[in-house]
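Read through the structure below, which is laid out as structure tokens, and then see the notes.
The values are calculated or read from the model by the stated rules, or taken from the named source; none is laboratory data. Quick caveat: nothing in here was measured; it's all calculated off a predicted structure. Cβ placement follows ideal geometry from the backbone for every residue including glycine, while neighbour counts extend to all protein chains displayed. All accessible areas refer to the heavy atoms of the entire protein, side chains included, with ligands and DNA or RNA removed. Shrake-Rupley method; radii C 1.70, N 1.55, O 1.52, S 1.80 Å.
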Amino acid sequence: MEKTRLLGKTPAELKEIALAAGLPGFTGGQIAQWIYGKRVRSIAEMTNISKAGRERLEERYEVGVALPLDKAESVDGTCKYLFPVNGDPGNAVEAVMIPDGDRKTLCVSSQAGCKMGCKFCMTGRQGFHGSLSAADILSQFFGIDEAAELTNTVFMGMGEPLDNWEEVKRAIKVLTADWGFAWSPKRITLSTIGVLPNLKRFLDECKCHLAVSLHNPFPEERFALMPVQKAYPIQDVIALIRQYDFTGQRRVSFEYTMFAGHNDTPRHADALLRLLHGLECRVNLIRFHQIPDFPYGTSPQAAMEAFRDRLARGGVTATIRASRGEDIFAACGLLAGQHNHA
Ligand code: SF4
């Protein structure tokens, strides 16, 4: 019988599991402490639970931390890990640890492949192979060498996190709850292309930062890059965001990958300024990593700087994002692609 994974369960759910196994209710809190506080990887290690009790739990449950299949380290210290999905090594996802001064940020995946089909994205080209459970999302935090040193996370890896909101929300709960990692939501950023119904849930149900993949301010041009524009136009996404307060602790940023001559012109900068007018936000300008069979090239540095400066003159702060881990392809789904299709 396949065992149920305890990783990702709340103390209340663990209490129910304990009671059903004939153990006292407070054992649920003890199990949570072992998994999230002491980070044990087996029920056998939970030594304040009776041996008989542990054996009863082990009949049906396991902690369920998945360990990485592979690791690649960049010369700049960025580490990319490959994790199996639901125990299947043929269906791997990436987690990328990015060191920066005294910060260590983990970029996590929420789905194997992706349904959204963005034309410039290697993950989108791989098709969709399933959403990750909270246990598989959390394994990326527990299974890496730097697990105890992580300071921040971005849901910016493979997949669209708002196409898997319930499991992502459960993982965020573990990261932020007192009984979990007790992280401030300020340490967490969720990146989305703007799946509207779940974007509203995300904005209502947690306080994490938001990053929106924008890439082009003109509806027809954005649609050519991102099919999601048809169902959830960026204009509607920004109208929703305007209903929330981003003047305090919570921040919203917009991701803008720059394609030479296609979206890096003054006309685009001005349209972007009109779209974001009055919104407290920043724009991250991202250097495009060329992928096969894609018609647009990488914007020259001078064009990126001119775009950034034009936004600044219009009152929007924009930053050119430093590329990290290029030598291990950390910025696109290439390693997972190679692994899955090996
Ligand atoms: Fe999916 Fe994000 Fe790639 Fe679009 S950019 S296909 S949403 S992983």
Quantify, in whole percent, the carbon and sulfur part of the accessible surface of the chain (1.4 Å probe; protein heavy atoms only).
51
Separation of segment 282-297 and segment 1-77 by C-alpha centroid, Å?
42
Considering the Cα trace of segment 13-102, what is its radius of gyration and what is Dmax, both in angstroms?
17.2, 52
By how many nm would the segment from ALA231 to LYS207 grow when fully extended, if each residue of separation counts as 0.36 nm and the alpha-carbon distance is taken off?
6.1 nm
Could you tell me which residue out of GLY143, ALA32, ALA92 lies farthest along the dipole of segment 24-143 toward its positive end? Charges go on the beta carbon: Lys and Arg +1, Asp and Glu -1, centred on the Cα centre.
ALA32
So what's the angle, to the nearest 10 degrees on a 0 to 90 scale, between helix 196-205 and the longest Cα principal axis of the chain?
60
Among ASN48, ASN91, ASN263, whose mean-square fluctuation peaks in a Gaussian network model of the chain (Cα, cutoff 10 Å)?
ASN48
Longest principal axis of the chain (C-alpha) makes with the long axis of helix 51-60 (C-alpha) an angle, in degrees to the nearest 10, of 50
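Please work out the average accessible area per residue across segment 76-229, using the 1.4 Å probe convention, and give it in Å².
Details: 5060 Å² over 154 residues.
Using a 1.4 Å probe on heavy atoms only, each residue of segment 76-229 averages 33 Å².
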Just list whichever of LYS119/LYS169; LYS9/LYS104; LYS80/LYS173; LYS9/LYS230; LYS3/LYS104; LYS15/LYS51 have alpha carbons separated by over 29 Å in the model shown.
LYS9/LYS230; LYS3/LYS104
With a point put 7 Å past each Cα toward its Cβ, work out how far THR47 is from ARG242 in nm, to one decimal.
6.1
Residues in segment 249-282, backbone N under 17 Å from the label point at ASP309 (7 Å along the Cα-to-beta-carbon vector): list them, ranges by number please.
264-270
